[in-house]
């Protein structure tokens, strides 16, 4: 199949493209390179020995997307493109709603015009808000607590309404938990702009000497060590989940949500200790106050993805730490 991947130069997108190419698909990438680097795609081409078509294009450029669909015979879309920083979304909600929501509406309009009605959407566990219990099922209450999460939830609603209005549309809504790690080659990985928002890249930057110490937000949660518990998933496992969802679209009916996680929770201190064990690097940290809105425990029930898509994770926390460190060690300044 010929697959359009929006936001394909990013962390999860680049790993997914690698899996798509290895599975024999043709890939077209559309990315505005706002928070990603074209180098990631060049390295994917090196790793696979295959070429990727690339268009520097923004979701708000509906005319540009129309030209893209006109010039390529696209079979399905994997939609990653979007702004993704929770803190920034609180500061700039209109920026997030315009880019993520309006941009997705533009994409759907063009897809509809050209009869491309199969899509895998990059959603997020943030659609569950501050969950009252874990593991979280797809049927758990949906309640985003920040504009970023709200854009994901709004887009899910858009796809559901679209599938009701036109049964030819088939959409998989993939709710990620906490993607970490990197490709085992160390050639592609997570390259955050500025100060990392997520735990693992901050840990690896401390390990490589770019940061002095890690701040651990909250040490008095009702967990086994007082720090927050999350479901960390290896990015390669996550990428393979997109492939499974894409293959299943033919049997899909409407818009269907799937949790992509390991089904196990690890605390912040678990991650630090595991990283130190695997790498032999010491990670200095300090315990600080909780961040507003952070849940104590959040991990997935991933049985639906296993039973319906035939997908489950293969990598454990040690694998995630090892591969994240391999990437950071080989690329101390990311793709720069």
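The values are calculated or read from the model by the stated rules, or taken from the named source; none is laboratory data. Owing to the predicted nature of the structure, the values given are computational and were not obtained by experimental measurement. With ideal geometry, Cβ positions are generated from the backbone for all residues, glycine too; neighbour counts draw on all protein chains shown.
Of the strands (runs of 3 or more DSSP E) lying entirely inside region 76-177, those containing at least 1 residues that are in contact with a helix residue (DSSP H, G or I) (Cβ under 8 Å, 6 or more places away or on another chain) and over 30 Å from residue 63 (Cβ atoms) span 170-176. Taking the listed residues 299, 258, 335, the one that is out of contact with any strand residue (DSSP E or B) (no Cβ under 6 Å at 6 or more places or on another chain), surrounded by 19 or more Cβ atoms within 10 Å (Cβ to Cβ) and in contact (Cβ under 8 Å) with a residue 24 or more places away in the chain is 299, with no other qualifying.
Taking only region 223-253 into account, find how many residues are modelled with pLDDT of 95 or more and more than 24 Å from residue 313 (Cβ to Cβ). Spell out how you get there, then give the answer.
So in region 223-253, the residues modelled with pLDDT of 95 or more come out as 223-249.
Checking the rest, the ones that are also more than 24 Å from residue 313 (Cβ to Cβ) come to 226.
The qualifying residues number 1.
Residue 55 satisfies every condition listed in (1) touching a helix residue (DSSP H, G or I) at 6+ places or on another chain (Cβ under 7 Å); (2) under 30 Å from residue 185 (Cα atoms); (3) assigned to a loop (DSSP other than H, G, I, E, B) except (3). The C-beta contact set for region 1-22 (first residue at positive phi and crowded, with 24+ Cβ neighbours inside 10 Å, second residue modelled with pLDDT of 95 or more and assigned to a strand (DSSP E or B), distance under 8 angstrom, 6+ apart or interchain) comprises 7/30; 7/31; 7/79; 7/122.
Candidates 314, 286: the one that is under 18 Å from the mean Cα position of the chain (by Cα) and either surrounded by fewer than 18 Cβ atoms within 10 Å (Cβ to Cβ) or without any contact (Cβ under 8 Å) to a residue 24 or more places away in the chain (or both) is 314. Within region 107-135, residues that are on the phi > 0 side of the Ramachandran plot and at pLDDT 95 or above have Cβ atoms under 7 Å from residues that are surrounded by fewer than 19 Cβ atoms within 10 Å (Cβ to Cβ) and part of a helix (DSSP H, G or I) in no pair, counting only partners at least 6 apart in sequence or on another chain.
Does at least one position in region 300-323 carry a residue that is under 24 Å from residue 205 (Cα atoms) and part of a strand (DSSP E or B)? Within region 300-323, none of the residues are under 24 Å from residue 205 (Cα atoms) and part of a strand (DSSP E or B). For region 72-90, a residue qualifies if it is modelled with pLDDT of 95 or more and farther than 26 Å from residue 43 by Cβ, and exactly one does: 73.
Every condition in (1) in contact (Cβ under 8 Å) with a residue 24 or more places away in the chain; (2) closer than 30 Å to residue 41 by Cα is met by residue 213 except one, and the failing one is (2).
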